1. For SER89, state whether it is modelled with pLDDT under 95, polar (S, T, N, Q), loosely packed, with under 10 Cβ neighbours inside 10 Å and outside any strand (DSSP E or B).
2. Just one of ARG26, ARG57 is in a helix (DSSP H, G or I) and among the charged types (D, E, K, R); which is it?
3. Given the conditions (1) farther than 20 Å from LEU13 by Cα; (2) in contact (Cβ under 8 Å) with a residue 12 or more places away in the chain, report the number of the one that ASP75 does not fulfil.
4. Go through ASP59, ASP53, ASP36 for me and flag whichever is at pLDDT 95 or above, farther than 19 Å from GLU96 by Cβ, among the acidic types (Asp, Glu) and more than 13 Å from the chain's Cα centre (by Cα).
5. So which residues in the stretch 1-44 are touching a helix residue (DSSP H, G or I) at 6+ places or on another chain (Cβ under 8 Å), surrounded by fewer than 15 Cβ atoms within 10 Å (Cβ to Cβ) and small (Gly, Ala, Ser)?
6. Can you confirm whether ASP75 is acidic (Asp, Glu) and either part of a strand (DSSP E or B) or surrounded by 12 or more Cβ atoms within 10 Å (Cβ to Cβ) (or both)?
7. Out of curiosity, is PHE11 touching a Leu at 6+ places or on another chain (Cβ under 8 Å), at pLDDT 95 or above and not β-branched (Val, Ile, Thr)?
8. Mind listing just one residue for me: the one in the stretch 1-23 that is in contact (Cβ under 8 Å) with a residue 24 or more places away in the chain and in a loop (DSSP other than H, G, I, E, B) and, of those, farthest from LEU50 (Cα to Cα)?
Amino acid sequence: MAKAPDPFHEFVLELLAGVGPISIRRMFGGAGVYQDGVMFALLADDQIFLKVDPALRADLSAEGGTPFLYLRSSDAKPIDLGYVSLPSSAMDDPDEAT
């Protein structure tokens with residue numbers, strides 16, 4: 001039996017509609033957001049984390065974005081995977097989110 005759509009995933013699809021056609025695929029404990037087969041964001045703990053370059057990292061961090069940190073299972077060392085959360089203000093504003 002197919003799983004019911006995740007309400008947060010549906011929200012993300014609507015919020016990021018301005019980006020163009022995107023898809024969400026479940027992975028590990030969260031999900032990846034893809035456009036044209038390229039993952040550009042991940043979803044975890046009801047947050048959207050964007051793949052960032054140094055300039056976007058600085059912009060998002062200045063607005064309150066936080067890095068997504070993966071805890072390595074062997075030693076619980078936090079690993080920065082290069083994703084930063086959208087600021088809370090962007091979660092209610094499709095123009096700011098895109």
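1. On the way: modelled with pLDDT under 95: yes; polar (S, T, N, Q): yes; loosely packed, with under 10 Cβ neighbours inside 10 Å: no; outside any strand (DSSP E or B): yes.
No: the conditions fail for SER89.
2. On the way: ARG26 fails: in a helix (DSSP H, G or I).
So the residue among ARG26, ARG57 that is in a helix (DSSP H, G or I) and among the charged types (D, E, K, R) is ARG57.
3. Going through (1) farther than 20 Å from LEU13 by Cα; (2) in contact (Cβ under 8 Å) with a residue 12 or more places away in the chain one by one, ASP75 breaks only (2).
4. On the way: ASP59 fails: farther than 19 Å from GLU96 by Cβ; ASP53 fails: farther than 19 Å from GLU96 by Cβ.
ASP36 is the lone residue from the list that is at pLDDT 95 or above, farther than 19 Å from GLU96 by Cβ, among the acidic types (Asp, Glu) and more than 13 Å from the chain's Cα centre (by Cα).
5. The answer is ALA17, GLY18.
6. Values: acidic (Asp, Glu): yes; either part of a strand (DSSP E or B) or surrounded by 12 or more Cβ atoms within 10 Å (Cβ to Cβ) (or both): no.
So ASP75 fails the test.
7. On the way: touching a Leu at 6+ places or on another chain (Cβ under 8 Å): no; at pLDDT 95 or above: yes; not β-branched (Val, Ile, Thr): yes.
So PHE11 fails the test.
8. ASP6
The values are calculated or read from the model by the stated rules, or taken from the named source; none is laboratory data. Quick caveat: nothing in here was measured; it's all calculated off a predicted structure. Glycine gets a Cβ as well: all are built from the backbone with ideal geometry, and neighbour counts include every protein chain shown.
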